[in-house]
Amino acid sequence: MNKHFLALHDFSKKELDGLFELALELKKKQKNAEKHRMLKGKTLAMIFEKSSTRTRVSFEVGIYQLGGHGLFISSGTSQMGRGEPLKDTARTLSRYCDGIMVRTYGQDIVEELARFATVPVINGLTDLFHPCQIMADLLTVIEHKGSYQGLKFSWVGDGNNMANTWIEAAAIFGFDLTLACPEGYQPDPKVLAWAQANGTSAIVLTDDPKKAVQDADVLNTDVWASMGQEEEQKAREKAFAGYQLNSEILKLAKPDCIVMHCLPAHRDEEITDEVIEGPNSVVWDEAENRLHIQKAIMATLMA
């Protein structure tokens, strides 16, 4: 397996399926109070340039449950915030720690850290990709549907890092994906071109949310304005009118569809309170599975 976890396209379907299997095994061990201290004595440096709830807590709890220790590093209170070159940070942290997780803006940041680090680097989120979240989402699909194979996935909303990573996942795992995004808010064209060149699944872009969710098994959405885009909120509210997951649009999907949201949610904007609290929602299982899939990733890379 690749030394680092920066994007899904770095891995084969077999390797990623192996992470699902390990995550389910570790989840079972935790539920049964069985020790699984696979990273005893190991330390994970956790670099945050973006605020976080789920990413920080799931990685910090995860490394602890595996027998290691998580070290929180804020860019604003470290030398990174004063302009230290990334390559210097990477090489220094590699002398102290056994792994580095980073939640930041540019994908180039995690790639440069990985280039100079001598320990595994994990992408906790960038503006381009969110691989840990999509792996948690697919783990949730496996638990609720038995498999991701043969299902129709739909994305409604912004063509952001989540949409980009769903496109990669569709190409790698071979499921059909339809994305409904307003004009001017489509996913990254390079990511789409890679998926079309390397996958055989049907990946469809549309500006019609109803088309995207028609007969879908899995519905996904995210906030209309991601972190760092708050000044665009009003413009985005106008552009995304009609791109809400609500009870009416849910009727177009399969009756037993599942609804996912990576959180935090702006209730009654991109998703209604009724839907996120409704019987089709698996949002809280999805949030929990960040812990289990990330434990599998850390255990595989850092053991």
Task: Residue within the range 180-188 that is within 23 Å of Asp256 (Cα to Cα), part of a helix (DSSP H, G or I), touching a Pro at 6+ places or on another chain (Cβ under 8 Å) and at pLDDT 95 or above present - done: no
Open item on the list: Of the conditions (1) at pLDDT 95 or above; (2) surrounded by fewer than 15 Cβ atoms within 10 Å (Cβ to Cβ); (3) within 24 Å of the chain's Cα centre (by Cα), Gly41 satisfies every one except a single condition; which number is it?
Closed with: (3)
Open item on the list: Being in the same structural domain as Gly146 (by TED's automatic domain parsing), assigned to a loop (DSSP other than H, G, I, E, B) and in contact (Cβ under 8 Å) with a residue 24 or more places away in the chain is the requirement here; does Glu274 meet it?
Closed with: no
Open item on the list: Just checking, does the range 145-156 include any residue being more than 16 Å from Leu6 (Cβ to Cβ), buried (at least 24 other Cβ atoms within 10 Å of the Cβ), in contact (Cβ under 8 Å) with a residue 12 or more places away in the chain and of a type in the set (Val, Ile, Thr)?
Closed with: yes
Open item on the list: Can you confirm whether Val141 is among the aliphatic types (A, V, I, L, M), touching a strand residue (DSSP E or B) at 6+ places or on another chain (Cβ under 8 Å) and in a loop (DSSP other than H, G, I, E, B)?
Closed with: no
TODO: Report, by residue number, each residue of the range 237-263 that is in a loop (DSSP other than H, G, I, E, B) and among the hydroxyl-bearing types (Ser, Thr, Tyr).
DONE: Tyr243
TODO: Take Ala296 and decide whether it is surrounded by 19 or more Cβ atoms within 10 Å (Cβ to Cβ), outside any helix (DSSP H, G or I) and modelled with pLDDT of 95 or more.
DONE: no
Task: Residues of the range 215-236 classified as part of a helix (DSSP H, G or I), modelled with pLDDT under 90 and surrounded by 13 or more Cβ atoms within 10 Å (Cβ to Cβ), total - done: 3
Task: Contacts under 8 angstrom Cβ, first residue in the range 192-209 being more than 16 Å from His9 (Cα to Cα), partner buried (at least 18 other Cβ atoms within 10 Å of the Cβ) and among the aromatic types (Phe, Trp, Tyr), 6 or more apart - done: Pro209/Tyr243
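The values are calculated or read from the model by the stated rules, or taken from the named source; none is laboratory data. What you see is a predicted model; the values in this text were computed from it and never measured. Note that we place each Cβ from the backbone using ideal geometry, even for glycine, and neighbour counts take in every protein chain shown.
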